[in-house]
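This report refers to the structure that appears directly beneath it.
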Amino acid sequence: MRSNRRISLRGAPLVAALLAAGAVAAGGCSRPGGPPSAEDGGDKDAGAPVPVEVVTLERGRIEETLRFSATLEAETAVQVLARTTGQVRSRAVEEGDKVKQGAVMLRLEREDQASSLRRAQTELEQAQRNYKAQQDLHKKGVVSDQTYENAEFDVKRLKIARDDAARALRYTTVSAPISGTVTQRMVKRGDLVAPNQPLFEVVDFESLVANVYVPEKDIGRVAVGGIARLSAPTTGEAIEDGEVKRVAPVVDPRTGTVKVTIALDDTQKLRPGMFVDVQLVVADRSDAILLPRRALVYDNDEPYAFKVEGGDTAKRVLIEPIAEDQDFVTPATGFDEGDSVVVAGQVGLKNGAKVAPQGPPAAGDAKPSSAPLGADATPPGKAGASNEEKAGPSAKTAKKANTAKKAVE
């Protein structure tokens with residue numbers, strides 16, 4: 001019993017010291033009425049201005065455009081049909097081949113048509129001899145007028161039959177009706193074809209157009225010859241120039257739109273059926289406010305931008321674009337030349353937040369700051385502070401507790 005009591009007395013000072021150190025640490029971590037420490041999840045720089053990059057708005061030239069999506073179509077596209085019956089003897093073109101108008105595309109067996117032509121020619125020659133004989137007899141009054149007229153009628157009828165046979169023979173050679181590219185072949189050698197059966201499809205790629213449907217409220221701003229620009233995702237978004245070729249004279253009552261046909265200047269990279277984005281240039285503003293697109297943030301699909309007022313306050317402004325291109329937007333109201341607009345660090349920024357505006361990084365900067373814009377910045381005058389000072393009061397309290405523990409031991 002004595003031994004146990006001696007151990008308890010010997011450990012009492014150590015326990016008291018540890019309890020005292022814990023109380024001091026707890027007091028340092030949670031001071032009554034004081035701000036929460038960083039270890040408690042509090043933001044020690046909650047009131048510090050947020051560093052942001054700003055630019056000064058300027059005036060410049062921008063084109064006002066209407067944007068649409070469309071599928072390219074070829075206005076000149078022909079389906080080549082068989083015009084007589086026959087078996088395919090030879091084929092001169094394949095899909096992807098370019099052909100000139102009148103070039104031979106396919107040949108059919110022609111024996112039947114050639115025989116029909118010879119038969120028609122023979123019957124015609126016989127009818128012509130008979131007609132000449134009846135004509136001589138009619139002049140002498142030997143035959144009646146009816147007999148003479150019948151002979152004359154036979155000659156005319158057989159001439160028509162001869163011409164039909166000759167045309168059927170020509171139809172055994174299938175020629176290109178237009179100049180263009182063979183986009184589809186429907187038959188192969190040895191197939192038996194009938195009249196009106198599709199054989200090929202030929203498309204003139206130079207006749208590519210894009211049809212867009214402009215709301216009737218905007219149709220007054222579109223005119224024949226107007227500038228258009230097209231881009232297709234499959235061509236790497238390269239811009240192709242075009243112009244308004246036709247504007248329909250009527251409004252579709254079901255959709256309230258007007259059909260506008262756009263012709264392309266260069267069709268080398270484009271194909272029928274491609275999906276394209278179309279921009280119709282309806283106005284050219286030479287003195288417009290140019291707001292960079294990278295200044296925009298979206299809330300419920302509505303664009304906003306932050307304007308710096310008073311040198312340190314961010315004001316969120318709703319953007320109503322009246323003109324836009326790939327790099328800039330011209331807002332209807334809310335911005336003037338010389339305004340400072342946030343272009344980096346605006347994500348998560350609140351209306352009325354305090355900011356520390358910074359200009360674009362200088363071209364000669366050796367090493368840009370690695371801290372992201374909008375993150376907590378080191379307050380001025382603290383650059384040389386010790387690690388203990390940067391850690392805050394919690395680190396100091398922990399150090400005192402360790403010192404007390406060592407003293408007890």
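The values are calculated or read from the model by the stated rules, or taken from the named source; none is laboratory data. Remember, it's a predicted structure, so these values are computed and weren't measured experimentally. Virtual Cβ from ideal backbone geometry, glycine too; neighbours counted across all protein chains shown.
Within region 318-353, if we keep just the residues that are farther than 30 Å from VAL278 by Cβ and assigned to a strand (DSSP E or B), the residue that is farthest from the chain's Cα centre (by Cα) turns out to be SER340. Note on region 216-273: enclosed strands (runs of 3 or more DSSP E) holding 3 or more residues that are in contact with an Asp or Glu (Cβ under 9 Å, 6 or more places away or on another chain) and of a type outside the set (D, E, K, R) are 227-231, 257-264.
Scanning region 231-242 for residues that are surrounded by fewer than 15 Cβ atoms within 10 Å (Cβ to Cβ) and not polar (S, T, N, Q) turns up PRO233, GLY236, GLU237, ALA238, ILE239, ASP241. Just name the residue that is farthest from the chain's Cα centre (by Cα) out of those in region 84-140 that are free of Cβ contacts under 8 Å to residues at least 40 places away in the same chain and outside any helix (DSSP H, G or I). The extreme case among them is LYS140. Candidates in region 185-202 are the residues that are part of a loop (DSSP other than H, G, I, E, B) and within 37 Å of the chain's Cα centre (by Cα); of these, the one that is surrounded by the most Cβ atoms within 10 Å (Cβ to Cβ) is VAL187. Just one of the listed residues (GLU94, GLU64, GLU53, GLU111) is farther than 30 Å from LEU264 by Cβ and in contact with a strand residue (DSSP E or B) (Cβ under 8 Å, 6 or more places away or on another chain), namely GLU53. Exactly one residue among VAL209, VAL251 is aliphatic (A, V, I, L, M), at pLDDT 90 or above and touching a Lys or Arg at 6+ places or on another chain (Cβ under 7 Å), and that residue is VAL209.
Specify which of the listed residues (ALA295, ALA283, ALA263, ALA288) is hydrophobic (A, V, I, L, M, F, W, C), buried (at least 16 other Cβ atoms within 10 Å of the Cβ) and under 21 Å from ASP241 (Cβ atoms).
On the way: ALA295 fails: under 21 Å from ASP241 (Cβ atoms); ALA283 fails: buried (at least 16 other Cβ atoms within 10 Å of the Cβ); ALA288 fails: under 21 Å from ASP241 (Cβ atoms).
None of the others qualify; the one that does is ALA263.
Working carefully through the options VAL155, VAL143, find the one that is over 30 Å from GLY86 (Cβ atoms) and β-branched (Val, Ile, Thr). Exactly one of VAL155, VAL143 is over 30 Å from GLY86 (Cβ atoms) and β-branched (Val, Ile, Thr), namely VAL143. Among the residues of region 298-317, write down those that are surrounded by fewer than 12 Cβ atoms within 10 Å (Cβ to Cβ) and part of a strand (DSSP E or B). Listed by number, the residues that qualify are TYR298, ASP299, GLU302.
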